[in-house]
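Since the structure comes first, as structure tokens, the remarks are kept for the end.
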Amino acid sequence: MTNELGDFLRARRTNPALASADGADPRRRTSGLRREEVAAASGISVDYYTRLEQGRVGHPSDAVLEALARALRLSRDARDHLFRLRPGVASVRTGSEDPGVRAGSDDPGARARLAALVEAVSPNPAYILDRLSTMVAANAEGLALYAGIGDLAPADRNTCRYLMTDPRARDRFVEWEEIARGAVAHLRSANADDLSNPDLQSLTSELRSRSPLFDGWWNEHLVERRRGSLRHLRTDEGDVVARRYDVLYLPDDGLRMTLWYAG
């Protein structure tokens with residue numbers, strides 16, 4: 001039986017940066033904060049907090065989760081993720097109920113609509129990703145951002161996999177580490193309501209085996225919803241150019257469109 005809430009709390013509590021932010025002795029052997037410290041900062045007993053990490057609390061209250069979010073210094077996205085992990089909140093999805101996993105794969109009308117959307121903004125690079133960060137539509141410029149990804153079968157055009165395993169990603173994206181960490185964080189955020197989904201499990205298992213960095217970042221339970229930002233790209237000629245991107249969340253469940261333009 002999975003214990004996503006407990007795993008998330010433990011990962012955030014043991015983050016070394018959390019102890020540094022609280023001014024803890026850098027020589028301490030414990031990474032991050034002790035259970036006693038989180039419990040005290042949250043106003044709950046150590047026993048209750050321990051049972052939370054062990055998955056033995058049925059339905060922690062909003063007040064408790066809010067207090068934990070403050071004690072662990074969670075971002076807005078991580079705080080929302082914490083609430084979604086509360087037992088009884090997450091919904092179980094199946095492939096037939098969730099068009100966001102492979103949106104439009106069996107619907108020619110949907111595929112055509114998504115393709116027309118990205119073509120409409122050409123020559124600006126644009127692509128549409130599903131919950132697993134797989135491209136379900138992209139214009140030629142969008143594919144060109146990820147050198148070689150257009151040569152793959154459509155089902156294999158996964159931007160998270162590309163960032164973590166294709167060496168060309170480090171050349172293309174100057175802020176590669178920040179972008180790659182963000183991709184891992186969004187992958188967890190986008191699938192928070194069904195982290196046991198077989199397709200997600202297959203992808204994360206593959207990336208854990210192929211990328212030690214992915215394995216470490218996934219174990220940190222990073223959570224961040226993709227938003228717009230300014231990034232620097234290295235062109236095929238070796239020049240570095242500034243480009244801004246925005247992320248638009250579409251009505252179709254789980255889909256998001258990324259649009260790049262001059263910074």
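Couple of notes before you dig in:
- From the list L248, L230, the one residue that fits, being in contact with a Ser or Thr (Cβ under 9 Å, 6 or more places away or on another chain), open to solvent by 60 Å² or more (accessible area, probe 1.4 Å) and at pLDDT 95 or above, is L248.
- Qualifying positions in the stretch 161-204 - out of contact with any helix residue (DSSP H, G or I) (no Cβ under 7 Å at 6 or more places or on another chain), open to solvent by 70 Å² or more (accessible area, probe 1.4 Å), part of a helix (DSSP H, G or I) and over 21 Å from P87 (Cα atoms): R168, D171, E177, E178, D199, S202
- Inter-residue pairs, beta-carbon under 7 Å, first within 21 Å of L200 (Cβ to Cβ) and in the stretch 120-146, second surrounded by fewer than 22 Cβ atoms within 10 Å (Cβ to Cβ) and of a type in the set (D, E), 6+ apart: L132/D199
- Checking each residue in the stretch 205-220 for being open to solvent by 30 Å² or more (accessible area, probe 1.4 Å) and not in a helix (DSSP H, G or I) picks out only E220.
- Matching residues, the stretch 165-185, being β-branched (V, I, T) and under 14 Å from the mean Cα position of the chain (by Cα): I179, V184
- Options V121, V136: the member that is in contact with a strand residue (DSSP E or B) (Cβ under 7 Å, 6 or more places away or on another chain) and surrounded by fewer than 23 Cβ atoms within 10 Å (Cβ to Cβ): V121
- Residue check for T204: out of contact with any Phe, Trp or Tyr (no Cβ under 7 Å at 6 or more places or on another chain) and of a type in the set (S, T, N, Q): no
The values are calculated or read from the model by the stated rules, or taken from the named source; none is laboratory data. Fair warning: this is a prediction, and the values are worked out from it, not measured in the lab. For neighbour counting, all protein chains shown are included, and Cβ atoms are generated from backbone atoms with ideal geometry for every residue, glycine included. Heavy atoms of the whole protein, side chains included, go into the accessibility calculation; ligands, DNA and RNA do not. Shrake-Rupley method; radii C 1.70, N 1.55, O 1.52, S 1.80 Å.
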